[in-house]
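Remarks on the structure that follows.
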Amino acid sequence: MVEAWYMDESPEDQRAPHRLRPNRAVSLEELRRLGVVYRKLDADNYQTDPCLKEIRRAENYSWMDIITIHKDKLPNYEEKIKTFYEEHLHLDDEIRYVLDGSGYFDVRDKDDKWIRISMEKGDMITLPAGIYHRFTLDENNYIKAMRLFVGEPVWTPYNRPADDLPARKQYMKLLAEEAQ
């Protein structure tokens with residue numbers, strides 16, 4: 001099961017857990033209120049998994065690829081790690097399914113505080129269009145993940161501030177509606 005918590009403000013290694021002391025856990029329900037969707041799937045059988053097939057059909061995820069993030073596998077590794085950790089948003093949902101390894105997605109809550117979501121093998125996450133987020137490896141320095149898209153992939157990150165973009169405005173509207 002996925003684990004999430006509020007982050008401390010430490011400037012130490014981004015790959016460290018960065019838990020507040022005492023820990024302040026975040027529930028799946030709290031993530032859902034932010035528009036974050038979590039699923040647990042069978043990563044050992046992803047090629048034939050009927051659950052994944054049904055999710056792809058229902059959500060219209062017509063395009064996918066697999067990325068391995070490790071210094072020996074990803075060209076321009078150091079540059080990519082820095083880019084992934086820059087706070088940004090996308091105009092489309094970001095869907096990631098961890099097939100092996102582990103890492104962290106950090107998302108902003110409604111009060112602009114960082115929540116760290118620990119992802120490991122079998123975890124699938126959907127981050128809604130317009131949510132500020134970032135990604136980093138954990139201390140294991142390795143993740144293999146499926147990236148899913150509706151239609152052709154759009155890789156464009158919009159670094160913060162991007163509050164004037166329609167996707168951000170729509171996301172803020174969703175948060176306001178959820179708060180009522």
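The values are calculated or read from the model by the stated rules, or taken from the named source; none is laboratory data. None of the values given here were measured: they were computed from a predicted structure. Cβ coordinates were reconstructed from backbone atoms using ideal geometry, including for glycine residues, and neighbour counts include every protein chain displayed. Quick note on the areas: whole protein, heavy atoms, side chains included, nothing else; ligands and nucleic acids left out. Shrake-Rupley method; radii C 1.70, N 1.55, O 1.52, S 1.80 Å.
Accessible surface of residue 36 in the full protein assembly, 1.4 angstrom probe, to the nearest 10 Å²?
Result for residue 36: roughly 10 Å² accessible.
Quick one: Cα centre-to-centre distance for segment 1-75 and segment 103-140, in angstrom?
6 Å
Might you work out the accessible area of residue 156 for me, using a 1.4 Å probe with all protein chains in place, and round it to the nearest 10 Å²?
Approximately 60 Å² of residue 156 is accessible to the 1.4 Å probe.
Using every pair of alpha-carbon atoms in the chain, split the distances into 5 Å bins beginning at 0 and state the percent of pairs per bin, rounded to integers.
Per 5 Å bin, starting at zero, the Cα-Cα P(r) for the chain comes out as 1, 8, 16, 21, 22, 18, 10, 3, 1, 0 percent.
Give me the accessible area of residue 102, 1.4 Å probe, in Å² rounded to the nearest 10.
Near enough 10 Å² of accessible area.
List the pairs from 53/144; 53/110; 73/121; 53/121; 40/169 whose alpha-carbon separation is above 21 Å, in the order I gave them.
On the way: 53/144 19 Å; 53/110 33 Å; 73/121 18 Å; 53/121 18 Å; 40/169 30 Å.
Distance filter (> 21 Å) returns 53/110; 40/169.
Can you tell which of 179, 27, 119 lies farthest toward the positive end of the dipole of the chain, using +1 and -1 charges on the Cβ of basic and acidic side chains (Lys, Arg; Asp, Glu)?
Value: 179.
Using the heavy atoms of the protein chains and a 1.4 angstrom probe, tell me the accessible area per residue for segment 1-69 in square angstrom. Present the calculation step by step, with values, prior to reporting the outcome.
Working: 4460 Å² over 69 residues.
Accessible area per residue, segment 1-69: 65 Å².
If we restrict to alpha carbons, what Rg and Dmax does segment 52-108 come to, in Å?
Taking only Cα atoms of segment 52-108, I get Rg and Dmax of 13.5, 36 Å.
Among 104, 38, what's the order by accessible area (1.4 angstrom probe), most exposed first?
On the way: 104 15, 38 40 Å².
Descending accessible area places them as 38, 104.
How much mean residue ellipticity at 222 nm does the chain get from its helices, if each DSSP H run of length 4 or more adds -39500 (n - 2.57) and you divide by all residues, to the nearest 500 deg cm²/dmol? Intermediate values should be presented prior to the final figure.
Values: 4 runs with 39 residues, N = 180.
Using -39500 (n - 2.57) per qualifying helix, the result is -6500 deg cm²/dmol.
If I histogram all Cα-Cα distances within segment 102-164 using bins 10 Å wide from 0, what percent of pairs lands in each bin?
17, 48, 32, 3
With +1 on each Lys and Arg Cβ and -1 on each Asp and Glu Cβ, and nothing else charged, work out how big the dipole of segment 1-114 is about its Cα centre, in Debye to the nearest 20. Spell out each step's value before the answer.
Values: 19 positive and 26 negative charges, 53 e Å.
In debye, rounded to 20, segment 1-114 gives about 260.
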